[in-house]
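FYI, it's all coordinate maths here, none of it is from the lab. Source: prediction; values computed, not measured. Every residue, glycine among them, receives a Cβ derived from its backbone with ideal geometry; neighbour counts consider all protein chains shown.
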Amino acid sequence: MRAYFDHNATTPVSASVLESLIAALGEVYGNASSIHQDGQVAKQRLEQARRQVAGRLGCDAREVIFLSGGTEANNLAIFGSVGGQGHVVTTSIEHPAVLNVCARLDTTYVPVGGNGIVDPDAIQDALRPDTGLISVMHANNETGTIQPIAEIARVARAAGVPFHVDGVQAFGKIPVDVKALGVDLYSVSGHKLYAPKGVGALYVKKGTRLKPQLFGGRHERELRPGTENVPGIIALGRAAADIRFGLMENLRDRLELGILRRVCGTGVNGDVAQRLPNTTNIYFDGFDSEAMVISLDLKGFAVSSGSACSSGAVEPSHVLLAMGLSKDRAKSSIRFSLGQSNTVEQVDALMDAVAQSAAHLRALSPTYTSA
Amino acid sequence: MSGGVDSSAVAGLLHRQGVKIVGLTMQLWNQRRLPEVAGEGGGAGRCCSLDDVYDARYVAQLLGIPYYVVNFEQRFEENVVKPFIDEYLAGRTPIPCTLCNNFIKFDQFLEMAEGVGAEKIATGHYARISFNDQTGRYEMRRSVDSGKDQTYFLFGLKQAQMAHTLFPLGEYTKPQVREMARELGIPVADKPDSQEICFVPNGDYAAFIDAYFKEQGIPPRQMRGEIVDREGQVLGEHDGVHHFTVGQRKGLRVTAREPLYVIETKPAEHQVIVGRSEDLLRATLVAADMNWISIAGVVAPMRAQVKIRHRHVAAQATLYPTADPARVEVRFDEPQRAVTPGQGAVMYSGDLVLGGGWIE
């Protein structure tokens with residue numbers, strides 16, 4: 001039996017999405033730009049998907065641009081807003097798909113508190129007259145911590161600076177209303193919500209000035225050329241329509257409390273209240289999480305720690321380090337992220353496996369003594 | 001699993017024997033660091049290069065075994081790279097492979113393997129381990145393939161480490177291993193052997209040390225010094241004692257009537273002392289931090305063969321215990337050339353590895 005507890009990395013394609021995807025691959029072959037009926041069918045399905053995604057974002061369908069995924073959405077939002085000049089304000093806990101874009105620009109990285117939450121006043125303080133964009137993630141991929149997006153949006157609006165939100169982890173896990181939040185740009189990735197890899201969306205508020213970063217045909221309001229990935233987009237629309245809330249938190253809490261109760265020297269990283277309902281990030285003092293992740297995998301449980309470098313080896317999480325955790329504690333932390341397929345039985349079995357692995361690893365570790 | 005033929009063959013061999021195995025590759029060093037010394041292709045084809053990881057992963061996939069890359073970069077830097085540099089700067093010639101074996105592979109890596117649930121680790125080293133019921137000790141022997149024997153680098157292994165280690169290749173010759181790899185359908189069967197120091201491209205360790213200091217923002221110290229003969233007469237200048245090792249002839253840039261060799265380096269005085277070939281001969285040495293493997297130690301003088309560097313043919317000698325049990329005096333029957341501080345002195349009785357220590 002394998003149990004998958006790494007839904008923040010990616011999700012399996014759901015049965016309902018798979019069905020619409022396969023049907024679309026087989027039947028919706030037209031080019032959505034074509035005049036004929038085959039093309040028109042594709043165009044209709046494309047626009048239906050746009051309405052489905054817009055419905056979940058709380059925006060007008062015309063404000064949704066389809067593209068290849070979260071990374072492209074972030075690149076378009078950031079480079080498209082500030083281009084070669086202009087200053088960007090972001091946080092130190094962003095995903096590499098934002099950090100490594102900002103690294104090519106004049107950027108101020110606002111630190112976060114020990115709870116993993118950025119202070120909107122600190123964003124305010126980082127603004128300069130030439131600031132062209134604020135970019136803050138909605139929820140962090142490693143800790144699940146939710147950022148005060150509405151407050152930061154007020155800061156941005158008062159300063160007249162456009163505000164981009166990387167919503168890749170939040171969209172699908174918590175209700176999102178871009179109008180109520182007051183953001184200008186919002187990135188979405190399909191494979192985090194049971195759609196396939198290679199499709200995503202960017203909300204572009206009507207009137208936002210954005211320059212395309214790819215050049216070609218006149219697709220997607222001339223912001224994103226290239227023949228649309230119609231089956232992928234149909235799948236994303238289906239996945240958006242399928243979003244359900246309120247099912248995950250109990251399971252997550254059962255897992256978290258179970259581990260904290262049964263394994264000493266553990267604790268939760270990041271704010272436990274302002275957090276995605278499916279994520280818990282737990283440190284295990286006394287051993288590196290790398291061995292635990294492998295040991296759990298060999299027992300049939302997929303979990304993760306840190307971020308993978310190009311060889312596949314794991315590096316200490318920059319998010320946990322930015323929250324002020326020691327290097328040792330950052331290296332001893334594991335992320336459990338739940339999803340639709342997880343059951344109470346799986347959670348209980350995972351708890352047993354974690355307790356067993358922790359006892360085994362601590363027995364080997366010469367340095368750890370339970371205080 | 002390094003992605004090379006030896007560890008791949010080990011995986012294939014054990015898998016064929018029905019042993020339940022997990023493949024692990026240690027990420028030891030980021031080859032994109034130190035661009036000055038990365039060489040052509042940014043270090044491709046070197047140890048820990050992405051290509052090697054791909055090869056190892058592919059072998060694991062062919063065998064259908066679980067496979068992981070584990071990050072030992074920080075531990076490698078602390079336990080191997082930094083001591084390696086410190087040793088050179090202290091005028092000694094270190095053996096990083098032995099440091100890696102002692103502090104990484106058979107220590108922290110073994111611990112990680114046990115942590116993920118393994119009972120033993122198996123590596124592609126050419127050496128043999130067996131248990132002697134009479135003495136109650138694990139013994140180490142040279143590999144069947146004398147040309148590939150790696151026991152010189154393994155003298156630091158403790159009994160508890162040997163109890164959890166398998167060297168399946170010790171019974172085979174390299175051509176047999178390549179043939180075995182080919183039979184098992186392992187795609188790296190014809191891959192060339194790796195070079196001596198995995199993290200130093202082209203073997204230019206002095207350039208590596210200079211680049212490392214630059215990366216760390218350590219200002220280039222006052223490295224320059226004098227090249228002198230045994231009488232203290234100045235013959236020339238040099239760019240730092242870490243460019244020289246005992247027995248070295250090249251790179252001295254000193255003209256003399258007869259060939260000159262480095263016979264000693266004095267880092268405190270920034271001096272490199274040179275002399276004639278016969279000045280390199282030594283009849284004795286002291287090995288410190290002794291680790292005994294196949295025997296518990298020496299209490300009386302004992303005959304042995306002693307190897308003082310990897311490419312040295314073990315020379316007949318007598319081992320004399322000293323007042324300090326961690327130190328042994330080695331008296332060679334014939335004086336040996338270039339006894340180099342920092343290298344290992346490994347003691348054999350025929351094929352049997354008695355133990356080894358560090359040349360003072």
Could you give the dipole magnitude of chain A about its Cα centre, charging the beta-carbon of Lys and Arg +1 and that of Asp and Glu -1, in debye to the nearest 20? 580 debye
What is the helix-to-structure angle for A:249-262, meaning the angle in degrees between its Cα long axis and the longest Cα principal axis of chain A, kept from 0 to 90 and rounded to the nearest 10? 20 degrees
Using modelled amide H (1.01 Å from N, peptide plane; none on Pro or chain starts), what sits under 5 Å from the amide H of A:D166, excluding residues fewer than 5 places away? A:V136, A:M137, A:H138, A:S187
Evaluated at 20 °C with a viscosity of 1.002 mPa s, what Stokes-Einstein diffusion coefficient in µm²/s does the stretch B:221-270 have when Rh comes from the Kirkwood expression over alpha-carbon pairs? 192 µm²/s
As a test of the formula, what do you get for the protein assembly as shown when each DSSP H run with n ≥ 4 contributes -39,500 (n - 2.57) and the sum is divided by the residue count, at 222 nm and rounded to the nearest 500 deg cm²/dmol? -9000 deg cm²/dmol
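What are the equivalent ellipsoid semi-axes of the stretch B:99-184, built from the alpha-carbon gyration tensor (square roots of five times its eigenvalues), in whole angstrom, biggest first?
Values: eigenvalues 93, 56, 32 Å².
Three semi-axes, in Å: 22, 17, 13.
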Estimated dipole of chain B in Debye, rounded to 20 [Cβ of Lys and Arg +1, of Asp and Glu -1, Cα centre]: 420 debye
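Using only C-alpha atoms and all pairs of different ones, pull out the Kirkwood radius for the stretch B:10-145 in Å with one decimal. The partial results should precede the final answer.
Details: mean 1/r = 0.0583 Å⁻¹.
About 17.2 Å, per the Kirkwood formula over Cα pairs.
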With x for Gly and Pro, the residue-by-residue ³J(HN,Hα) of the stretch A:270-282, computed from phi through the Karplus equation 6.51 cos²θ - 1.76 cosθ + 1.60 at θ = phi - 60° and given in whole Hz, is x, 4, 8, 8, 7, 8, 4, x, 9, 10, 9, 10, 10
Expressed to two decimals, the stretch A:273-369 has a Cα Rg over Rh, using the Kirkwood radius, of 0.96
Neighbour-count ranking for A:K173, B:K214 (other C-beta within 10 angstrom, fewest to most) reads B:K214, A:K173
Averaged across the residues of A:282-289, what count of C-beta atoms belonging to other chains lies within 10 Å of each residue's C-beta? 1
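For the stretch B:168-297, count all C-alpha to C-alpha pairs, find those more than 26 Å apart, and express that count as a whole percent of the total.
Numbers: 4338 of 8385 pairs.
Summing the P(r) tail past 26 Å for the stretch B:168-297 gives 52 percent.
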In a Gaussian network model of chain B with springs linking alpha carbons closer than 10 Å, the residue among B:T151, B:T135, B:T245 that fluctuates most is B:T135
Sparsely packed chymotrypsin sites (Phe, Trp or Tyr not before Pro) within the stretch A:1-97, loop by DSSP, other Cβ within 10 Å at most 16: A:Y29
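Counting only complete DSSP H runs, which helices of chain B cover 15 Å or more along their long axis at the Cα atoms and score a mean Kyte-Doolittle of -0.5 or above?
Details: long enough: B:5-16 (16 Å, 0.53); B:50-63 (20 Å, 0.16); B:205-216 (16 Å, -0.13).
Membrane-span-like by this criterion, though nothing is claimed about a membrane: B:5-16, B:50-63, B:205-216.
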At q = 0.11, 0.18, 0.26 1/Å the base-10 log of I(q)/I(0) from the Debye formula over the alpha-carbon atoms of the stretch B:266-360 is -0.32, -0.78, -1.44
Read phi for every residue in the stretch B:343-349 and hand back ³J(HN,Hα) as whole Hz from Karplus 6.51 cos²θ - 1.76 cosθ + 1.60, θ = phi - 60°, with x for Gly and Pro. 7, x, 10, 10, 9, 10, 10
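Whole-Å semi-axes of the stretch A:1-88's equivalent ellipsoid, largest first, each the root of 5 times a Cα gyration tensor eigenvalue? Don't skip to the answer; put the middle values down first.
Details: eigenvalues 147, 118, 31 Å².
Equivalent ellipsoid of the stretch A:1-88: 27, 24, 12 Å, largest first.
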For the stretch B:139-186, what is the per residue volume of the convex hull drawn over the alpha-carbon atoms, in cubic angstrom? 85 Å³
Out of residues 5 or more away from B:E237 or on other chains, whose amide H comes under 5 Å of its own, with H placed 1.01 Å from N in the peptide plane? B:I227
Here the Kirkwood hydrodynamic radius of the stretch A:106-217, Cα-based and in Å, equals 15.0 Å
Treating only Lys and Arg (+1) and Asp and Glu (-1) as charged, each at its beta carbon, one finds that the protein assembly as shown has a dipole about its Cα centre, in Debye to the nearest 20, of 1060 debye
Inter-part gap, Cα centre of the stretch A:182-215 to Cα centre of the stretch B:99-158, in whole angstrom, is 54 Å
Tabulate in residue order the Karplus-calculated ³J(HN,Hα) for the stretch A:352-357, using 6.51 cos²θ - 1.76 cosθ + 1.60 with θ = phi - 60°, rounded to whole Hz; enter x for Gly and Pro. 4, 5, 5, 4, 5, 4
Distance in nm between B:S277 and A:R104 label points, each 7 Å along Cα→Cβ, equals 6.1 nm
What is the P(r) of chain B, as percent of Cα-Cα pairs per 10 Å bin from 0? 5, 22, 30, 26, 14, 3, 0
Cα centroid of the stretch A:111-160 to Cα centroid of the stretch A:271-306, whole Å: 27 Å
Pairwise Cα inverse-distance average, inverted: Kirkwood Rh of the protein assembly as shown (Å): 29.5 Å
Could you work out the equivalent-ellipsoid semi-axes for chain A, taking the square root of 5 times each eigenvalue of the Cα gyration tensor, largest first, in whole Å? 36, 26, 16
If you bin the C-alpha pair distances of the stretch A:169-270 every 10 Å from 0, what whole percents do you get? 12, 31, 30, 15, 9, 3
